[in-house]
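Notes follow once the structure below has been shown.
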Amino acid sequence: MPKTIDSPFETVYLVNHSHIDHTWWNSPEICSQRNEEIINEILSLASAEPEFKFSYETTAGLVRYLEKYPDRKEEIAVLLQQRRLDVGGMFVSANDDVCSEEAIVRNFYYGAGWLIKTFNYSPKVAKEFDTPGHPMQLPQLVLDAGMKALVITRGPQGGFSWTGPDGSELLTYCVPYNWSYWRRLGVDYEETAKNLPTELARAAQKFGGPELVIPDGDDMTLPNPALVEICRQWNANYSRPKLRLATFDEVADILAKRKFQPRSGDMPNLWIVIHTLQAETTRYLKTLQGILPSVEALCTIECILKGDFKRYPAAGIDALWQRALLAADHNWGGKDQARGGAEGDEHKRNLVLKSVREGKALTENAFFGIAKSVMTADPKFGMPVLVFNPGSWRRDDIVSLDLNCGVTGLQAIEVVDADGAPVPAGYEVSERHKDGSIHRLTGEFLGRNVPSFGYSTFYIKPLLEKKGDEPCPQDGRSIENEFYRVTFAEDGRCIESLYDKEFDRELACQAAASFGPVEFEFGTFELFGVGLKLSVPDQSYFENPENEGSGESVEPTGELFRAADSPAKIGFSSRGTLSRSLTAEGEFAGSIRRQKVVLYEGLKRVDLHVELDWSGKSNVALFLQMPNALMNGQKYMGVPFAVHRDGDELADFWVEENLPVKFKIRGMQDWLAFESEDVGLAIASRWPVVDLTAIPAFPLLWTNDNSGFFFGERYRQKGNHCFSFSLTSYKGSWSENNIHLWGKQWAKPLLSYSGDASPETGRHSYLSIDAPNIILSAFKKARDEDAVIVRLYETIGRKTSTELSTSFPFQEARGANITETASKKIPAAKKSIKLKFRPFEIKTIKLVL
């Protein structure tokens, strides 16, 4: 007579899968080879055993596999149609906190969108395995990509209905991806009969309902051929619970029939400091992700102007986005003993460096093409400079200038606007002709009133002599403009004063923080280092199920490093009429630090730059301390497609409550704001890591001999590292002052092109939106037709009606999804569309030309 187990679960679903790593598990080359072995084994077992099923995690490995083995596409298509194989609807398991908004969208575009296009297969599940955090807009994005569920492995365990800020509700299920593998439930029937009853009792404490999902697999494991026979034997001997082999697509259909508790909030990244292990890669990755939307926009505008979409470099842009996502994959390090584990980090670094170069080349080619199309009139004053704004809002910002003068005689220049009025500018001559006149110069100027998604024209006029730079201030450590006065401490360790002249308010401060038994006082913009060593047992330790959840530990070495340990030399410089700066240079942690503060004429902004000539010292974590006078007020930060208020995380998502310190180290998209007593201070940066545990700080570098777990990675990041931040202060709230727009300007720098002719009009906008809380995130050619994709989102949490206007006509407008695989006609005029947004809603519009 069949036996039963006293358990609340009627059915246990075993899901055979493999977690895909593109580095970390081994070198990138061996990871790629292993991925081929996994897919080959899937196809072999499916051919031999009709009941075999498998869940493949993401599409990146499958894309590469089919590039090498296109003849196996039909076998995969059949398994997908038979529902014996499912594939998750994301390209990689990305670390979302290092991804831009559009990078997250492209993860679905090259995931679910590629599956629909390649196999006519619509995945039901998005899988984020081993990724340590999940952005608050993920429910809306998963549903918009056509999926019904999200499976994660790090978060509150069990099922819940995750509500996004726009009101989207997504079935979310969290379960350890290596559960069966480590608990030996899939070895053979005897091991299953021995171990499963204990696991059911443990699971009853965390998972409710009559169904239990147990994944069988681990990092890069081959498909398990034993599971079919295990299920047969178990069901022959037990009537309850039944053991079923299933895919995650099937599990999603089953779980969708249940009602789960609703939950809302952000799920922060608990591994966010891994970016400090790959600082250079992270910086260039953020740069690349800022470049790519501008590349798409400029290439699309050029195609529209020339009436030829065949010019659009779709293959090249797709390759750059896919490389960006592979570099953003959740893992790091490697296992190659000969290379000490650094090969994974070097692979990602080389991937993004190559892509940044290619992205800049595409940007220049498209922008030059646009400039030549519109610059057809005689110049008004001198040499015209076309300045393009890739943002969807009008702005004043700094413009970079690189000028070659092929003829002799130029002694000095000034920059003027379209009306002939001088604008603040500064430059350096990098090369001269034999007669001493300017051959090449580089510099910057203030571009005022540059229209949204369009251009303004400025002019370079010759002068007889260069205006003198400003003399050094009397005390040698203070600079000021009409908005701020900034003073370095005498020893150059920090900013002693950051005084807002407009609001009569001091913004800098000293704040205390404890490191173990030692308490320190830190000033604004102060570097601090602490010796931290990651200790990891041998891999055999982790193969013992009794050691689950323990092992690796971080221990202080006792070393502490402060900027005050070696007083810095403070230097002053100015750049024409544009800027004044102070630089504190000195020794720090056996390396050289340069900390620079810049003020601009006519711009309420303070730029802060940290440059480290890092010696490669190991087992050191470096932080930039940023206490400020408003830090105890409410905190807000830009996150993908939304704004997050500190404290609105899922209640139980932070590190366990029994720890002595509840660490709050998390990612930010592009800006962070502190508000208190009707005054706010915003910080913008491409650097994605912020620590709000005690006083605000930015973790910058962590050099650790064991950062690639188990494998002794020794990537100490020797070399030059640069980190940049901007500050601004304001009265009222961040939303009233459009800080959500200001904070994004780092990622969307103004572009410039100098030529011999002027455009017919001094200013022109190709696209405009009449609501400042609606942001444009994408303007690109549609996937398979001569149409334009426009993606917009509401960012302050307010119902909004707005009008999108273009300078070019279109035949019709269609509402689309983020994978561009579905669309529905919407009312539109010849050059405009009226749209309504829910709070935090994301809309994708297709304009058919």
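The values are calculated or read from the model by the stated rules, or taken from the named source; none is laboratory data. All values derive from a computational prediction rather than experimental measurement. Positions of Cβ are generated from backbone atoms using ideal geometry, with glycine treated the same way; all protein chains shown enter the neighbour counts. The accessibility values were calculated without ligands, DNA or RNA, using every heavy atom of the protein model including side chains. Shrake-Rupley method; radii C 1.70, N 1.55, O 1.52, S 1.80 Å.
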Item to check | Whichever residue in the range 112-123 is open to solvent by 30 Å² or more (accessible area, probe 1.4 Å) and in a helix (DSSP H, G or I) and, among such residues, is nearest to HIS134 (Cα to Cα) | outcome: TRP114
Next on the checklist: Looking only at strands (runs of 3 or more DSSP E) that lie completely in the range 463-528, which have at least 2 residues being aromatic (Phe, Trp, Tyr) and modelled with pLDDT of 90 or more?
Outcome noted: 484-488
Checklist entry - Across the range 73-111, what is the total count of residues that are closer than 23 Å to GLN669 by Cβ and outside any loop (DSSP other than H, G, I, E, B)? => result 13
Next on the checklist: Against the condition assigned to a loop (DSSP other than H, G, I, E, B) and farther than 19 Å from PHE572 by Cβ, how does SER430 come out, does it pass?
Outcome noted: no
Checklist entry - Can you tell me which residues in the range 176-198 are touching a Leu at 6+ places or on another chain (Cβ under 9 Å) and either among the aliphatic types (A, V, I, L, M) or at pLDDT below 90 (or both)? => result TRP179, SER180, ARG183, LEU185, GLY186, LEU196
Checklist entry - Quick one: is TRP321 farther than 30 Å from THR376 by Cα, in a helix (DSSP H, G or I) and among the aromatic types (Phe, Trp, Tyr)? => result yes
Next on the checklist: So, restricting to strands (runs of 3 or more DSSP E) that lie completely within the range 723-833, which ones have at least 3 residues that are closer than 30 Å to THR376 by Cα and of a type outside the set (Lys, Arg)?
Outcome noted: 751-754, 767-769, 774-781, 787-794, 800-806
Next on the checklist: Looking only at the range 25-62, how many residues end up being without any contact (Cβ under 8 Å) to a residue 60 or more places away in the chain and either of a type outside the set (Phe, Trp, Tyr) or open to solvent by 10 Å² or more (accessible area, probe 1.4 Å) (or both)?
Outcome noted: 15
Item to check | Criterion (outside any loop (DSSP other than H, G, I, E, B) and either over 20 Å from ILE20 (Cα atoms) or not charged (D, E, K, R) (or both)) met by exactly one of LEU170, LEU222, LEU185 | outcome: LEU170
Item to check | Filtered residue count, the range 150-167, keeping only those that are assigned to a strand (DSSP E or B) and not aliphatic (A, V, I, L, M) | outcome: 6
Next on the checklist: List the residue pairs whose Cβ atoms are under 9 Å apart, where the first residue sits in the range 136-150 and is closer than 9 Å to GLY164 by Cβ, the second is of a type in the set (Val, Ile, Thr) and in a helix (DSSP H, G or I), and the two are 6 or more positions apart or on different chains.
Outcome noted: GLN137/ILE104; LEU138/ILE104; LEU141/ILE104; LEU141/VAL105
Item to check | Scope the range 775-786; condition at pLDDT below 95 and either aliphatic (A, V, I, L, M) or surrounded by 16 or more Cβ atoms within 10 Å (Cβ to Cβ) (or both); matching residues | outcome: ARG783
Checklist outcome for this item: With criteria (1) more than 16 Å from TYR13 (Cβ to Cβ); (2) touching a strand residue (DSSP E or B) at 6+ places or on another chain (Cβ under 8 Å), VAL228 comes up short on (1)
Checklist entry - Here are LEU464, LEU527, LEU446, LEU498: which of them is among the aliphatic types (A, V, I, L, M) and open to solvent by 70 Å² or more (accessible area, probe 1.4 Å)? => result LEU464
Checklist entry - Among the residues of the range 666-699 satisfying the criterion of being surrounded by fewer than 19 Cβ atoms within 10 Å (Cβ to Cβ) and more than 21 Å from GLY523 (Cβ to Cβ), which is modelled with the highest pLDDT? => result ASP678
Item to check | Flag if PRO313 is touching a residue at least 40 places away in the same chain (Cβ under 8 Å), farther than 23 Å from GLY61 by Cα, crowded, with 20+ Cβ neighbours inside 10 Å and not assigned by the TED database to the domain that holds PHE108 | outcome: no
Checklist outcome for this item: Inside the range 549-597, the number of residues satisfying the requirement of being assigned to a loop (DSSP other than H, G, I, E, B) and either modelled with pLDDT of 95 or more or over 30 Å from ARG183 (Cβ atoms) (or both) is 8
Item to check | Which numbered condition LEU200 fails, given (1) under 33 Å from the mean Cα position of the chain (by Cα); (2) open to solvent by less than 40 Å² (accessible area, probe 1.4 Å) | outcome: (1)
Item to check | Odd one out for PRO293 among (1) in contact (Cβ under 8 Å) with a residue 24 or more places away in the chain; (2) surrounded by fewer than 20 Cβ atoms within 10 Å (Cβ to Cβ); (3) under 30 Å from TYR766 (Cα atoms); (4) not hydrophobic (A, V, I, L, M, F, W, C) | outcome: (2)
Next on the checklist: Within the range 398-421, take every residue that is within 16 Å of ASP756 (Cβ to Cβ) and assigned to a loop (DSSP other than H, G, I, E, B) and give me the one that is most open to solvent (accessible area, probe 1.4 Å).
Outcome noted: VAL407
Next on the checklist: Looking at the structure I just gave you, is ARG791 surrounded by fewer than 21 Cβ atoms within 10 Å (Cβ to Cβ) and in contact (Cβ under 8 Å) with a residue 12 or more places away in the chain?
Outcome noted: no
Checklist entry - When TRP25 is evaluated against the numbered criteria (1) under 21 Å from HIS330 (Cβ atoms); (2) more than 25 Å from the chain's Cα centre (by Cα); (3) not in a strand (DSSP E or B), which criterion, by number, is the only one it fails? => result (2)
Next on the checklist: Looking at the structure I just gave you, is VAL352 touching a Ser or Thr at 6+ places or on another chain (Cβ under 7 Å), under 21 Å from LEU446 (Cα atoms) and modelled with pLDDT of 90 or more?
Outcome noted: no
